[in-house]
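Notes follow once the structure below has been shown.
Read-outs: derived from the displayed coordinates by stated rules, not from any lab. What you are looking at is a predicted structure, and each value in this text was computed from that prediction instead of being measured. Here Cβ is always computed from backbone atoms with ideal geometry, including for glycine, and neighbour counts include all displayed protein chains.
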Amino acid sequence: MDVDEILTGLYSEAGRQDPYPWYAALHRHGPVSAVPARAEHSTVSAVAVGYDLVDQVLRDPGWYKGMPPGWQEQEILRTFLTSMMFVNPPDHTRMRAVFARTFTPRRLSALEPVIVRVVDAMLDRMADAGAGGAEVDFVADFAYPVPALVMAEFIGLPEADLAWYRQRVDWIDEYMDVAGKTPERLARANRAAEELRDYYRDLIAQRRRRPGEDLISGLVEALDGGGVELTEDELISNLIVLFNASFVTTVYMFSNGLPLLLAHPDTVAALPGDDALARGCVDEVLRMASPVHFLARSAPRDTELAGVPVARDENVLLLIGGANRDPARFPDPDRFDPRRDGPPSLAFGVGLHFCLGSAVSRLEGRLALPRLFARFPGLAVTQEPTYSGSLFLRGIDKLFVATGS
Ligand code: HEM
C-alpha cells in the first residue's frame with residue numbers, strides 16, 4: 001500500500017474509528033513519509049510516525065506552529081492564536097510562565113481531596129443509576145463529569161454553567177479535526193469563541209469584585225497588580241484554551257481506558273491498593289489509546305527528516321498516536337503492559353508545548369481508577385463503544401456498562 005492510500009484510509013470514517021492498522025502500515029514505510037503533492041492531504045508535505053523522529057521535531061524549538069492565513073478575521077483562530085498553545089517564543093515563553101506559576105505542587109496536592117470527593121460522588125451516582133442491573137453510560141456518569149467538575153473547581157467556573165459550556169467546547173473541537181474545516185463548522189466555532197469570550201469577561205468582572213481561591217481570581221489579582229505580562233484579552237484566550245485542552249482529553253483518558261483495562265481482569269483486581277500499578281495503568285492507557293492523535297509543526301529552514309526533504313515553512317504532521325505504537329520503541333506495541341519500562345509516551349507531547357496539565361490528568365487517573373474498581377469489581381462493558389469520529393481528539397463518547405451491583 002502506498003502512502004497516499006494509507007492516508008486516505010486513515011482519514012476515512014473507518015480509519016478514524018480504528019487508526020492503528022494504518023499506523024502499522026505507515027511504520028513499514030519508515031519513520032517519515034513524503035505526502036504526494038496531488039493528495040487532498042497536501043496541507044502537509046510529510047507525515048511522521050516514528051517515535052524518535054516525532055520526539056526530535058517536537059523538542060527542536062526551531063520547528064514552529066504555523067498561522068493559517070487570515071486568522072485575525074476569524075474569532076476562533078484569533079482566540080487560539082493569542083494563547084500559549086498556538087504561539088511561538090517569545091510570546092509563548094511569556095504566556096506559559098504566567099500559567100506555569102499557578103500549576104504548583106501545592107495547588108496539585110490541594111486538588112487531591114477535590115478529586116476524591118468528585119470521584120466518590122460520581123461513583124455513588126453510577127451505583128444508583130446501575131442498581132438492579134440497569135445499563136449505565138460510563139461517559140455520561142463518570143468519564144465526563146469527573147474532569148469537568150475537577151477543572152471547573154480548579155479554574156473557578158460555576159458548576160451550573162458546565163452543560164452550556166460543553167456545547168461550545170464540542171463546536172470548537174469539531175472544527176479542530178482533520179476533516180473539520182467546513183464553512184458551517186467554522187461559523188459555529190466562531191460563535192462559540194465569541195460567546196465564551198463574553199462569558200469570561202463577565203466572570204473576570206465578578207471575581208474582580210469578589211475574589212475567591214480559584215485560578216481566575218488569582219490571575220485577575222496578578223493582572224491588576226501589574227505582576228504579570230498578559231493583557232486581559234490574552235488572559236481570556238488562554239482560559240478558553242486551557243479549559244478546552246483539559247477537558248475532553250481527560251474524558252477520553254477514562255473512556256478509552258476502561259475497555260482496555262477490563263480486558264485485563266488480573267490487573268483490574270490488583271488495582272485497588274497498588275499505587276504503582278495505578279500510575280502504570282494511566283500511562284499505558286495514554287500510550288495505547290491516546291486522546292490526541294496528531295500535532296503539526298512547520299520547518300524553520302530547508303531540511304531533511306530521515307532522508308525526506310522538507311522545505312522551509314512547510315508543515316509536517318506528527319502522528320503521536322502512531323508514534324506511541326512504534327515497535328522500535330515499544331516492543332509488541334499492541335500489548336497492554338502497565339509495567340512496561342520504556343520511554344515515556346508522547347500522549348502529552350514533548351518540548352516547549354509539553355502539556356501543562358499532565359500532572360492534573362495523571363493524578364485524576366491514579367486516584368480514580370483504584371476507587372472505580374474497588375467499588376465495582378464486577379464492572380463490564382455491555383455494548384460496542386461509540387467513538388467520536390475525530391482523529392485529532394480520538395475517544396469513546398458512549399460506553400454502556402453494567403456495574404455488577
Ligand atoms: C489526558 C489528558 C490530556 C492529554 C492527552 C493532553 C495532551 C496535550 C498535548 C498533546 C499537548 C501538546 C500540544 C502541542 O505540542 O501542540 C498539550 C498541551 C497543553 N495542555 Fe494538555 N492534555 C491533557 C490534559 C490537560 C489538562 C488537564 C490541562 C489543564 C489543566 C491541559 C492543558 C494544556 C495546555 C495549557 C497546553 C498548552 C501548553 C503549551 O502550549 O505550552 N492539558 N496537552
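What does the net charge come to around residue 88 if you take all other residues with beta carbon closer than 12 Å to its beta carbon, with K and R at +1 and D and E at -1? Don't skip to the end; give the middle numbers.
On the way: positive: 65, 94, 96, 297; negative: 91.
Counting the neighbours of residue 88, the net charge comes to +3.
Which value does Rg/Rh take for the chain over its C-alpha atoms, Rh per Kirkwood? Provide the component values of the computation, followed by the final result.
Details: Rg = 21.1 Å, Rh = 22.1 Å.
Rg/Rh: 0.96.
If you take the beta carbon distance between residue 262 and residue 167 as r and set R0 to 25 Å, what does 1/(1 + (r/R0)^6) give as a FRET efficiency, to the nearest 0.05? List each step's numbers first, then the result.
Numbers: r = 30 Å, r/R0 = 1.21.
Result of the calculation: an efficiency of 0.25.
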Any idea how far apart residue 332 and residue 131 come out in nm if each label point goes 7 Å out from Cα toward Cβ?
4.4 nm
Grab the DSSP H runs of the chain that are 4 residues or longer, score each as -39,500 (n - 2.57), total them, divide by all residues and round the 222 nm result to the nearest 500 deg cm²/dmol.
-16500 deg cm²/dmol
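Multiplying the sequence separation of residue 187 and residue 354 by 0.36 nm and subtracting their Cα-Cα distance, what value in nm do you get? Before the final figure, lay out the partial values.
On the way: separation 167, 0.36 × 167 = 60.12 nm, distance 2.97 nm.
Net length gain for the segment: 57.2 nm.
Which of the peptides 203-215, 19-31 is most tightly packed, and how do the rest follow, judged by the mean count of other Cβ atoms within 10 Å per residue? Show your work: numbers first, answer last.
Values: 203-215: 14.1, 19-31: 18.2.
Highest to lowest by the protection proxy: 19-31, 203-215.
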If each of residue 14 and residue 301 carries a label point 7 Å out from its Cα toward its Cβ, how far apart are those two points in nm?
4.4 nm
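Beyond 17 Å, what percent of the Cα pairs of segment 116-239 remain?
Values: 5056 of 7626 pairs.
Here the tail beyond 17 Å accounts for 66 percent of pairs.
Loop-only GluC sites (Glu not before Pro) in segment 105-209, please: DSSP not H, G, I, E or B, and at most 16 other Cβ atoms within 10 Å.
Working: sites: 135, 153, 159, 174, 184, 194, 195; in loops: 135.
Taking segment 105-209 and a limit of 16 other Cβ atoms within 10 Å, the loop GluC sites (Glu not before Pro) found are 135.
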Any idea how far apart residue 71 and residue 121 come out in nm if each label point goes 7 Å out from Cα toward Cβ?
3.7 nm
Summed side-chain charge close to residue 388 - residues other than residue 388 whose Cβ falls under 15 Å, Lys, Arg +1, Asp, Glu -1
-4
Count charges around residue 69 for me, please; just the other residues with Cβ under 14 Å from its Cβ, Lys/Arg as +1, Asp/Glu as -1.
0
How much length, in nm to one decimal, is gained on full extension between residue 374 and residue 43, taken as 0.36 nm per residue of separation minus their Cα-Cα distance?
114.4 nm
